[in-house]
Amino acid sequence: MPIYEYRCQDCREKTAKLWRGFDAPKSIPCAACSSENTSRIISSVAFHKSLGSQLQDLDPRYDRMVDNAAANSARSDENQFLRRSTPLSDAEA
Ligand SMILES: [Zn+2]
């Protein structure tokens, strides 16, 4: 679903709008001053961002969440993994 952005000609504020249809409206009321004097601008967010810059924009808290989840999972416990493994000497016997 595309996001359309509008620039208010009166207060220069940007207003973004999710639009479900195929044709975006030429103007929408400004979120800041309610002026109808807005014009559509091409969204840099929706179309021109590389994956790399999207990843950089991820909330750093998300990284910590992933780290914590990995640290708490049993599979990341190397010692536990080694204890469960069959020693080479037993495997050959
Ligand atoms: Zn405005």
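The values are calculated or read from the model by the stated rules, or taken from the named source; none is laboratory data. Source: prediction; values computed, not measured. When we count neighbours, we look across all protein chains shown, and the Cβ atoms used for this are built from the backbone with ideal geometry, even at glycine. Note: accessible area is taken over every heavy atom of the protein model, side chains too, but ligands, DNA and RNA are not part of it. Shrake-Rupley method; radii C 1.70, N 1.55, O 1.52, S 1.80 Å.
Between Ile41 and Asp10, the contour length at 0.36 nm per residue exceeds the alpha carbon distance by 9.7 nm. Quick one: pull the percent of accessible area on region 1-48 belonging to carbon and sulfur, 1.4 Å probe, ligands and nucleic acids left out. In region 1-48, the share of accessible area belonging to carbon and sulfur is 52 percent. Can you give the local net charge around Ala16? Use residues other than it whose beta-carbon is closer than 12 angstrom to its beta-carbon, Lys and Arg +1, Asp and Glu -1. Here the charged neighbours net out to +2.
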